[in-house]
Every structure is written in C-alpha cells, then in structure tokens.
Amino acid sequence: MKELNVPSDLLEPPLLDGKEQSLIEDYLQLIIKKLDEWSANLLKTELADFTKREEPPEIDNDGLYGTQGAVILFQMVNQQVDLATESGQGAILARVVSEVNRVMKGIQAQW
C-alpha cells in the first residue's frame, strides 16, 4: 500500500492474497460474456425493428441509411475500452480491445 504509506506487513490478511490474476481473468470473462450478450440482443432488436418497419430507416446528411444499432454498438465499445483504460492494466486493455474486435467482426458478418 505504497500510496497510503502503510507497510504491507500490517495488512493481515493480504487483500487479494496473491489472487490478482484470477480476479483479472474473472473480470475479463465477465466482459466477454456481456459483450456477446449485448451484441446478440442488439442484433435481435435491430432485425426485429428493421423487418417491422413501422418507420422508414434513418437517413444521414449524406443520404445514407443508418440504424440506432450502430450508434449503440460504438457506445458499448467505447464504454468498455474506457473502463479497461482506467484500470491501468495494459493486459486488460489489450484483451478488451481484442474481444471488442471479435464482437465487431461478428456483427459485421451478420449485418
């Protein structure tokens, strides 16, 4: 606990007891599960909305069609990358970016 100037021998029992890597792996597995879940729900909703077509598709300033799904996807990606960056752990950030890439490729293949 360098930041608090508390000697480590005063910390009983150790906070993580050497299980830091296990905690990181659990976190990453949760992120992977949630990314898959969120993207599946997003695709399901987008498909249902598109096939119902209660309203015409959105058109941007360039005359191109778009959906809210793309916006939501990038918000989801940005949130997860921001959280991984804030962790200060390069391994977490690298893994989250890799998983986000996998999810985005999967969505691209399905759209």
Can you send over the carbon and sulfur percentage of the accessible area for the chain, probe radius 1.4 Å, protein chains only? 56 percent
Between the stretch 24-48 and the stretch 61-111, what is the C-alpha centre distance in whole Å? 11 Å
Out of the stretch 10-111, which trypsin sites (Lys or Arg not before Pro) are coil in DSSP terms and have no more than 16 other C-beta atoms within 10 Å? 19, 53
Counting only heavy atoms of the protein chains, get the accessible area per residue of the chain (1.4 Å probe) and round it to a whole Å² value. 78 Å²
So the angle from the long Cα axis of helix 90-110 to the longest Cα principal axis of the chain, reported in degrees to the nearest 10, equals 20 degrees
Of the residues 29, 93, 47, the Cα lying farthest along the dipole of the chain towards its positive end, which is defined by charges on the beta carbon of Lys, Arg, Asp and Glu, belongs to 47
Under 8 Å for C-alpha pairs, at least 6 residues apart: give me the relative contact order for the chain, rounded to a whole percent. 27 percent
Over the chain: helical MRE at 222 nm, DSSP H runs n ≥ 4 each giving -39500 (n - 2.57), nearest 500: -23000 deg cm²/dmol
Average projection area in nm² (convex hull over Cα atoms of the chain, one quarter of hull surface): 10.0 nm²
Largest to smallest accessible area among 86, 25 [probe 1.4 Å]: 86, 25
Which lysines have a Cα lying under 29 Å from the Cα of residue 105, excluding residues fewer than 8 positions away in the same chain? 33, 34, 44, 52
Working out 0.36 nm times the residue gap between residue 104 and residue 43, then minus their Cα-Cα distance, what length gain in nm do you get to one decimal? 20.8 nm
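The values are calculated or read from the model by the stated rules, or taken from the named source; none is laboratory data. This structure is a prediction, so every number in the text was calculated from the model and none was measured. Note that each Cβ is placed from the backbone with ideal geometry, even for glycine, and that neighbours are counted across all protein chains shown. To get the accessible areas, we keep the full protein, side chains included, count just its heavy atoms, and leave off ligands, DNA and RNA. Shrake-Rupley method; radii C 1.70, N 1.55, O 1.52, S 1.80 Å.
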